[in-house]
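Heads up: the structure comes next, in structure tokens.
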Amino acid sequence: MHEENKAANGCGKIRSGAQNGAALLALMEKTGYSMVQQNGQRKFGGPPPGWEGPPPPRGCEVFVGKIPRDMYEDELVPVFERAGKIYELRLMMEFSGKFIGVCVSLDNCRLFIGAIPKDKKKEEILNEMKKVTEGVVDVIVYPNATDKTKNRGFAFVEYESHRAAAMARRRLIPGTFQPWGHTIQVDWADPEKVVDEETMQRVKVLYVRNLMISTTEDKIKAEFNKFKPGVVERVKKLRDYAFVHFFHREDAVAAMSIMNGKCIDGASIEVTLAKPVNKESSWKQHFNGQISPSSENLLGFPNKEDGAQKSLGKPASLSVRLNGQHSPGPPEVERSTYPIFPGIKLTPISMYSLKLSHFSSAVMHLDYFCHKNSWAPPEYCLYSTTSQDGKILLVYKVLISSIADDSQSYFMPEKLCTTVEDAKELAAQFTLLHL
């Protein structure tokens, strides 16, 4: 946005570039705050005059959007100061001109870096990221599930602030940075789930990561019982991670302190308290609360047009409606094929490192969603009946288990299908709507 151009807001106010400059200078003289413009944004304060000690902790920042294009710091600061002393205000150079919207900033300080060579160690990745970005605090690298000497092809880079992470993302996204001759993938990491302290004080389940695939549940239980026999209630293991349930919280906390970093079957494990997941809100939050799990009669069946699509090679979809609107099922994605040219490089990845937009079926979507929430994979139980004209009709019941807090939920649609594929897809869609 060019400040030298004249601008007018919806109220008919007109202010020239010179007037803007004078107003901002007056604001700086009055408050003593500094103002610096760089990288498409203007920073007011950070820290303010006379500030002593470290910056405010995470959680103290809010994001304000849809600010009128001609509104500047001299008008914004007095409004925001009504809520409290401002540490820093960063004004972006692109605005919409509608009513503003205010929400708690995610304050995400972590980036996801994909397509990393699997033979690279944490120190190598850390050094590479420090070469081209500022404010790097740590790099989180997960060992391969089957070969602990290799990484999983991705890492998480932690920065000292959300601003540092945002600047790093902007620097890395163009793809000009190619460590070790590889083009990396860069995006925001999924924000960590925040569980209130009162809830965490009741947790008596440990999350154990970096186990060997061959390590059994009995072996894990025996290892965690060593420091105090009989304290472990049970263990549930999935691939290279597990949840260890204790009878009493104090034993879980003690075991976490003792077992973190210990070696089991040659693997150095990481142990933390498991975070309980609220099933009632997790799926709704994922879609900004646009669904209502109380609605009934949500699911229909493929119509004639869907059947016609099959002959054209396009996927048929089970029509799912909620209050007259399409439900937030798997997003529409481009269903195309591309040739594999000689010499093209293919990189093995995990489906769980992809985004939701890569999935076109509810079955895969549900599996992905359960994994992201550290639940057990969905279990499908098939049932059948016979229609009046002798057709076999099918329906699936789906079991979702939250391993962290040992809760279980069953979901089954009130519709029958003539094929196994449709029955499973219908059950997955029904489950996603009711989680």
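The values are calculated or read from the model by the stated rules, or taken from the named source; none is laboratory data. Just so we're clear, the structure is a prediction, and the values are computed from it rather than from any experiment. Cβ: placed from backbone, ideal geometry, glycine included. Neighbour counts: every protein chain shown. For accessibility, only protein heavy atoms count, side chains too; no ligands or nucleic acids. Shrake-Rupley method; radii C 1.70, N 1.55, O 1.52, S 1.80 Å.
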Heavy atoms only, probe 1.4 Å: what % of the accessible area of the stretch 360-434 goes to carbon and sulfur, would you let me know? 50
Which value, to two decimals, describes the C-alpha radius of gyration of the stretch 142-259 once divided by 2.2 N^0.38 Å? 1.41
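Using the structure shown, select from K148/K275; K148/K424; K43/K130 the pairs with a Cα to Cα distance greater than 32 angstrom.
Working: K148/K275 25 Å; K148/K424 36 Å; K43/K130 24 Å.
Where the Cα-Cα span goes over 32 Å, the pairs concerned are K148/K424.
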Report the Cα-based extents of the stretch 197-273 along its three principal axes, largest first, to the nearest Å. 35, 25, 19
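Over the Cα atoms of the stretch 110-188, what is the Rg over Rh ratio if Rh follows Kirkwood?
Working: Rg = 11.8 Å, Rh = 12.5 Å.
Here the Rg-to-Rh quotient is 0.95.
Return the subset of K122/K355; K30/K98; K345/K372; K118/K228; K131/K236 for which the Cα-Cα distance in this structure is over 31 Å, preserving the input order.
On the way: K122/K355 24 Å; K30/K98 29 Å; K345/K372 28 Å; K118/K228 38 Å; K131/K236 41 Å.
Going by Cα-Cα distance, K118/K228; K131/K236 fall outside the 31 Å limit.
Excluding P377 itself, calculate the net charge of residues whose Cβ lies under 14 Å from the Cβ of P377, where each Lys or Arg counts +1 and each Asp or Glu counts -1. Provide the component values of the computation, followed by the final result.
Working: positive: K236, K237, R239, K372, K424; negative: D367, E379.
Cβ neighbours under 14 Å give a net charge of +3.
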Check R152: other-chain or 5+ apart residues with amide H under 5 Å from its amide H, H built from backbone geometry? Y142, N144
Over its Cα atoms, what ratio of radius of gyration to 2.2 N^0.38 Å does the stretch 345-432 give? 1.27
